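Shown next, in structure tokens, is the structure this report addresses.
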């Protein structure tokens, strides 16, 4: 008899796709570094909406979208998730443009560990002794930044906290990935349109429309926004929140390497010590996740891509 795929394995390819795209995002942001962060967030929202509507039409989800708009409880949750993801985008873009690549990377290293704690507090998921040890080691690393690198600490904690909260809200909202993202984009569209209109009225003008290359790069923001978020939302509804955090280590690792090799950001001893502690906590977390996976389902490794 053919074994049905587990809930975790069914969401794994989507999670891998989302985090790989996010890991490459700083390279794209480097190409649009001349666009102010607020304006770029506005364009991200403006160009994401048409893509979301196209997804809805292609997937035949108009009924789900309409049902979401008619459900007051769902709309309140999606309003919250829209604000959270908007804040996350703004902080991330501003951090990358300001050259704080390591701060952005650290934020998404901390995020999976925050997911573990959030899963315990809000979703009733229980932590093992090794998971608590991983969280404690990560907290020690963050404390180092609080002591000697305060200029990047708020960036890392804000990114980790806002995206952790976003994931929790989306996991608890009974709406499909694409319809939910579409509602979020609709809710943010008017403020975003007002924002880009304001920038267009300034003496320097808008980044969109200056030349063909710049306009295409700005318009591409819709793709790099909608595709990974839709994949993430799908994965979040198919995987345990702790397992989702395990896969997330792909993105900050790619961002960290980009900071060293492309952006040439200097790595101080304090930052390096912090990263070493974070990596140690990740090793403990991964070891625990592997042991739990092997104990729960010895054949589960066959579901993971080679």
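The values are calculated or read from the model by the stated rules, or taken from the named source; none is laboratory data. Given the structure is predicted, the values throughout are model-derived calculations rather than measurements. For neighbour counting, all protein chains shown are included, and Cβ atoms are generated from backbone atoms with ideal geometry for every residue, glycine included.
Among the residues of segment 245-266, at least one is over 28 Å from residue 164 (Cβ atoms) and part of a loop (DSSP other than H, G, I, E, B).
Evaluated against (1) surrounded by fewer than 21 Cβ atoms within 10 Å (Cβ to Cβ); (2) modelled with pLDDT under 90; (3) assigned to a helix (DSSP H, G or I), residue 1 falls short on exactly one condition, (3).
Against the test of being part of a helix (DSSP H, G or I), closer than 28 Å to residue 11 by Cβ and free of Cβ contacts under 8 Å to residues at least 24 places away in the same chain, the options 198, 132 yield a single qualifying residue, 132. Among the candidates 205, 245, the residue that is surrounded by fewer than 21 Cβ atoms within 10 Å (Cβ to Cβ) and modelled with pLDDT under 85 is uniquely 205.
Taking segment 40-77 as the range and being under 11 Å from residue 178 (Cβ atoms), touching a residue at least 24 places away in the same chain (Cβ under 8 Å) and over 18 Å from the mean Cα position of the chain (by Cα) as the test, the residues that pass are 51, 53, 55, 56, 59, 61, 64, 65, 68.
Scanning segment 110-117 for any residue that is within 13 Å of residue 255 (Cα to Cα), modelled with pLDDT under 85, in a helix (DSSP H, G or I) and within 12 Å of the chain's Cα centre (by Cα) turns up nothing. Restricting attention to segment 45-53, does a residue exist that is in contact with a helix residue (DSSP H, G or I) (Cβ under 9 Å, 6 or more places away or on another chain), over 22 Å from residue 95 (Cα atoms) and not in a helix (DSSP H, G or I)? No, because not a single residue in segment 45-53 is in contact with a helix residue (DSSP H, G or I) (Cβ under 9 Å, 6 or more places away or on another chain), over 22 Å from residue 95 (Cα atoms) and not in a helix (DSSP H, G or I). Of everything listed in (1) under 30 Å from residue 150 (Cα atoms); (2) surrounded by 15 or more Cβ atoms within 10 Å (Cβ to Cβ); (3) in contact with a helix residue (DSSP H, G or I) (Cβ under 7 Å, 6 or more places away or on another chain), the single unmet condition for residue 183 is (1).
No other residue among 158, 143, 162 is assigned to a helix (DSSP H, G or I) and free of Cβ contacts under 8 Å to residues at least 12 places away in the same chain apart from 143. Screening residue 249 with (1) at negative phi; (2) free of Cβ contacts under 8 Å to residues at least 12 places away in the same chain gives one miss only, at (2).
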